[in-house]
Amino acid sequence: MERPALILVVDDDESNRESLRRRLARHGYEVIAAADGMIALELIEQHSFDLVLLDVMMPGISGLEVLERVRLHRTHTDLPIIMATAQDESKDIVIALDNGANDYVTKPLEFAVVLARVRTQLLLKRAVNRAEELETRLIARNADLEVLNEKLEKHAKRTALELQAAAKVQMTFLPAPLLKTTGCTFAWIFEPCQELAGDSLNILQLDAEHVAFYVLDVSGHGVAASLLAVAATRLLSEVGEGASIIMQRRDGLTLPAEPSEVASILNKRFDSEQGAGQYMTLFYAVFNAKTRLLTYVSAGHPGAIQIARDKEPRTLDGTGLPIGFGGEYEQQSVRLESGDRIYIYSDGVTEARNPVQVFFDSKRLMDVLQSGQKSRLADSLVALQIQLKEWHGGIDTKDDISVLALECE
């Protein structure tokens, strides 16, 4: 059996330090606490920690100084470090990430968020460590060749393994390929243009009557975009008895949060100035199976397409700026009839280009979806995939392609 992960909690506030130590210990981790930066550096020399949760503001040696010293001889994958900083100190967050922090949390700390980020970093570390063990065995068997190519090969393999581990984590958030929930059926397609995607989608049964679903698209590509997508997805996937972004306590009950509230909270969590200028678009909706009312918010996202029987397809109205740009969000609602379909897509669909650089565009997308109205929901998405592949003619796509479809029973 693997030993429990060993975590170092560094905070000059005794109540914060002891609270984190006790709560992490309840989740099976071994925890050592330090009250200042010098003690933390000494403990890091003495123990093989799996992760450090490090406060930025401390007397004497600050958390940023501790981070700089540790990174002189310990890498991101060797010793993940999560910084804890005040919510309004975006400069500290940028400095910490530039100097080698793996992630950050803001004060006042929400333990559910802290726990989720700790688990993610430990999962990545474990995957990379296992891969490095296999790599070491391979090097031992091929010593003569590896001596000549050691630096280049080690760097290339480590990078590939980290990307694969991150991609596996990302894929765990995707729903079942064809999912039936209360009052509706879902199907989806998800095609990253690179190993790591900046898109994400999910379907969440909130209670007996409500189901939530969303598609989000982070600006840019690569590791930075995928990490932001995973962070947002993690927050949007917390369904349980306790309050979360998508479930809130009201009048002693845990109820689905309004889509506008969800968008506003995400907007505060992922300010573009704190995330190196990155932002995300989001279509988030809650469907009430009893009333057949679909309530949604579209934060800078392409308008979802409604396909209704014996009616022309239409685009649902958008409601606000992308997440990260600030501002308030107004939600919209539409009542669905039996057989109505809603298609939510990322702009990688309409901006797919053919060999002469012509966009697939929204009009062509509507025509394809309308022509598949009488086929099964999943088959309509297969037909769309075929059309997109034929359109770009085998050329690699430049953006992720995500489509999430709902059919009302």
| query | So, by mean Cβ neighbours within 10 angstrom, what's the order for 52-64, 28-40 with the highest one leading? | reply | 52-64, 28-40
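About the Cα centre of the chain, how large is the charge dipole given +1 on each Lys and Arg Cβ and -1 on each Asp and Glu Cβ? Please answer in debye to the nearest 20.
Values: 43 positive and 60 negative charges, 220 e Å.
I would put it at about 1060 debye.
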| request: Quickly estimate the mean residue ellipticity at 222 nm for the chain, helices only: each DSSP H run with n ≥ 4 gives -39500 (n - 2.57), and the total goes over all residues, rounded to 500. | output: -12500 deg cm²/dmol
| request: Treating cross-link reach as a plain straight distance, find the lysines whose alpha-carbon is under 22 Å from the alpha-carbon of K91, omitting any fewer than eight places away in the same chain. | output: K107, K268
| message | Straight-line reach from K180: which aspartates and glutamates fall under 16 Å, measuring Cα to Cα and dropping same-chain residues less than 8 apart? | response | D207, E209, D340, D379, E407, E409
| task | Within the set of other residues whose C-beta is less than 11 Å from the C-beta of D12, count the net charge using Lys and Arg as +1 and Asp and Glu as -1. | result | -4
| Solvent-accessible heavy-atom area per residue, rounded to whole Å², over region 7-115 at 1.4 Å | 46
| task | Could you state how much accessible area S200 has, in square angstrom rounded to the nearest 10, with a 1.4 Å probe and all protein chains kept in place? | result | 10
| message | Quick check: from the Cα gyration tensor, does region 1-132 come out rounded (a/c under 1.5), prolate or oblate? | response | rounded
| query | For a paramagnetic label modelled at 7 Å from the Cα of L122 toward its Cβ, which residues of region 30-50 fall within the zone defined by backbone nitrogen distances under 16 Å? | reply | 30-33, 48-50
| task | Taking all protein chains together and a probe of 1.4 Å, list L134, L179 from the most accessible to the least accessible. | result | L134, L179
| remark: So for region 272-409, using the alpha carbon gyration tensor with a ≥ b ≥ c as root eigenvalues (a/c under 1.5 gives rounded; past that, a/b versus b/c decides prolate or oblate), I'd call it oblate
| request: Beta carbons within 10 angstrom, averaged per residue: use that to sort the peptides 182-192, 296-306, highest first. | output: 296-306, 182-192
| query | Largest first, what is the accessible-area ranking of D217, D88 with a 1.4 Å probe? | reply | D88, D217
| note | Whole-percent carbon and sulfur contribution to the accessible surface of the chain (1.4 Å, no ligands, DNA or RNA) stands at 52
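Could you order peptides 287-293, 113-119, 246-252 by the average number of other Cβ atoms within 10 Å of their residues, highest first?
Ranked by mean Cβ neighbours within 10 Å, highest first: 113-119, 287-293, 246-252.
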| field | Accessible area per residue, Å², region 198-353 with all protein chains present, probe 1.4 Å | value | 39
| request: Give the shape of region 230-270 as rounded, prolate or oblate, defined through the alpha-carbon gyration tensor: a ≥ b ≥ c are the square roots of its eigenvalues, a/c under 1.5 means rounded, and otherwise the shape is prolate if a/b is larger than b/c and oblate if not. | output: oblate
| request: Express the Stokes-Einstein translational diffusion coefficient of region 55-94 in µm² s⁻¹, to the nearest whole number, given a Kirkwood radius over alpha-carbon pairs, 25 °C and a viscosity of 0.890 mPa s. | output: 225
| task | Quote the accessible area belonging to L316 in square angstrom, nearest 10, computed with a 1.4 Å probe and with ligands, DNA and RNA left uncounted. | result | 0
| message | If you take Kirkwood radius over Cα pairs in Å from the coordinates, which of [x] 23.2; [y] 21.7; [z] 23.9 do you get? | response | [x]
| request: With a 1.4 Å probe and all protein chains in place, put R364, R17 in order of accessible area, largest first. | output: R364, R17
| Extension reserve of the A176-H73 stretch, reckoned as 0.36 nm per residue once the Cα distance is removed | 32.8 nm
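The values are calculated or read from the model by the stated rules, or taken from the named source; none is laboratory data. The shown structure was predicted, so the numbers you read here are calculated from the model rather than taken from an experiment. Reconstructed Cβ throughout: ideal geometry from the backbone, glycine too, with neighbour counts over all protein chains shown. Each accessible area value is taken on the protein alone, full model and side chains, heavy atoms only, with ligands, DNA and RNA left out. Shrake-Rupley method; radii C 1.70, N 1.55, O 1.52, S 1.80 Å.
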